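Reviewing the structure listed below.
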Amino acid sequence: MKFNKTLIMAAMAMTSLLSCKKDKDKTCNKTLTGLAGTYTLLSAEYKLTATSTPIDLKAAMDACEKDDQVTLNANGTWIYKDAGTVCSPAGNDNGTWSVSNDIITSDGVVSGKIQSYDCNKLVCVMQNVTVPGDQITQVLRKQ
């Protein structure tokens, strides 16, 4: 009887642990629907060349811009919201975006080759922004 009770308790504990584990099989598709969501900028860096020391672009931003949000909608539209501390004038905006072959194309603030995406953090790299060989790396967190 004691063995059965121990076996039942172990089975219940295992069931509880397995039911609480995160879904590691979740696919983070780099598609309109997979990337859709609201993001905030964690960091932005500029490098003049591949070997240059990165310049922190977020540090140069106004405080009222650092808490803004961009929403990428699954229908190919985006909305930029001057969230939190609002700038004067407010920087709200909207436009369109698309994604193909791991490249986000937009008339807005999120563009470039997707370096990584784990369903929560999106890293995009734009190259040849102002001069040949330069790049901007943006790291955004999904809300």
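No value in this document is a laboratory result; all are computed from the given coordinates. Not measured: the values here are computed from a predicted model. We place every Cβ from the backbone using ideal geometry, glycine too, and count neighbours over all the protein chains shown.
Taken over segment 103-139, the criterion of being part of a strand (DSSP E or B) and surrounded by fewer than 16 Cβ atoms within 10 Å (Cβ to Cβ) is satisfied by Ile103, Thr105, Lys113, Gln115, Ser116, Lys121, Gln127. The residues of segment 29-77 include none that are touching an Asp or Glu at 6+ places or on another chain (Cβ under 6 Å) and farther than 30 Å from Val131 by Cβ.
In this structure, does Ser100 turn out to be within 19 Å of Thr33 (Cβ to Cβ), surrounded by fewer than 17 Cβ atoms within 10 Å (Cβ to Cβ) and without any contact (Cβ under 8 Å) to a residue 40 or more places away in the chain? Outline the logic, then answer.
Numbers: within 19 Å of Thr33 (Cβ to Cβ): yes; surrounded by fewer than 17 Cβ atoms within 10 Å (Cβ to Cβ): yes; without any contact (Cβ under 8 Å) to a residue 40 or more places away in the chain: yes.
For Ser100, the condition - within 19 Å of Thr33 (Cβ to Cβ), surrounded by fewer than 17 Cβ atoms within 10 Å (Cβ to Cβ) and without any contact (Cβ under 8 Å) to a residue 40 or more places away in the chain - is met.
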